[in-house]
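Worksheet: one structure, shown below.
The values are calculated or read from the model by the stated rules, or taken from the named source; none is laboratory data. Everything quoted here is computed from the prediction, not taken from an experiment. Methodologically, a virtual Cβ is constructed for each residue, glycine included, from the backbone with ideal geometry; neighbour enumeration extends over all protein chains shown. Accessible surface areas use protein heavy atoms only, side chains included; no ligands, DNA or RNA. Shrake-Rupley method; radii C 1.70, N 1.55, O 1.52, S 1.80 Å.
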Amino acid sequence: MSSNYWNEEDDENIICPYCGEEYEPSYEDTYIGDDCADCYTEDTNTYTCDKCGKKFTMYGYQAGWKYHTETIDGEATEEEVEDLRGWERA
């Protein structure tokens, strides 16, 4: 069994693709982990979720500003992958 886990999310809020934690975008007050998220750039950045502690990538795109997040290979253990697959089906 591999610890690779792939998931992506697209929404008006920034959503952790592992646990579903949502972050409301703002110009200066959106913190993901210890980092202030630049919510209004199309650059891809890596953040660490406050809730589950997993790293994910995020970039915004201008369709009314939506946010795309993706998991990072190897970030989840095999046990976590099994738990996460259950969250996807919920």
Long-range amide H partners of Thr30, meaning residues 5 or more apart or on another chain whose placed amide H is closer than 5 Å, are Ala37
What does the net charge come to around Thr44 if you take all other residues with beta carbon closer than 12 Å to its beta carbon, with K and R at +1 and D and E at -1? -4
Where does the chain land at 222 nm, in deg cm²/dmol rounded to the nearest 500, when only DSSP H runs of n ≥ 4 count, each adding -39500 (n - 2.57), divided by all residues? -4000 deg cm²/dmol
Cα convex hull of the chain: mean projected area in nm², to one decimal? 5.6
Phi-based couplings in Hz for segment 19-34 (Karplus 6.51, -1.76, 1.60; Gly and Pro marked x): 10, x, 4, 10, 10, 7, x, 8, 6, 9, 10, 8, 10, 10, x, 8
Compute the acute angle (0 to 90°) between the alpha-carbon long axis of helix 78-89 and the principal axis of greatest extent of the alpha-carbon atoms of the chain; round to the nearest 10°. 60
In square angstrom, rounded to the nearest 10, how much accessible surface does Trp65 have for a 1.4 Å probe? 60
Given H placed 1.01 Å from N in the peptide plane, which residues other than close sequence neighbours of Lys54 have an amide H under 5 Å from its amide H? Cys49
If you roll a 1.4 angstrom probe over the protein chains with everything in place, what fraction of the accessible area of the chain belongs to carbon and sulfur, to the nearest %? 39
Charges only on Cβ, +1 for Lys and Arg, -1 for Asp and Glu: so what's the dipole of the chain about the Cα centre, in debye to the nearest 20? 160
Work from the charge dipole of segment 17-60 (Cβ charges, +1 for Lys and Arg, -1 for Asp and Glu, about the Cα centre) and give the residue of Gly20, Ile32, Gly60 farthest towards its positive end. Gly20
Quick one: accessible area per residue over the chain, 1.4 Å probe, rounded to a whole number of Å²? 60
Could you check the spin-label model distance between Thr41 and Asp29? Points 7 Å from the Cα along Cα→Cβ, value in nm. 2.2
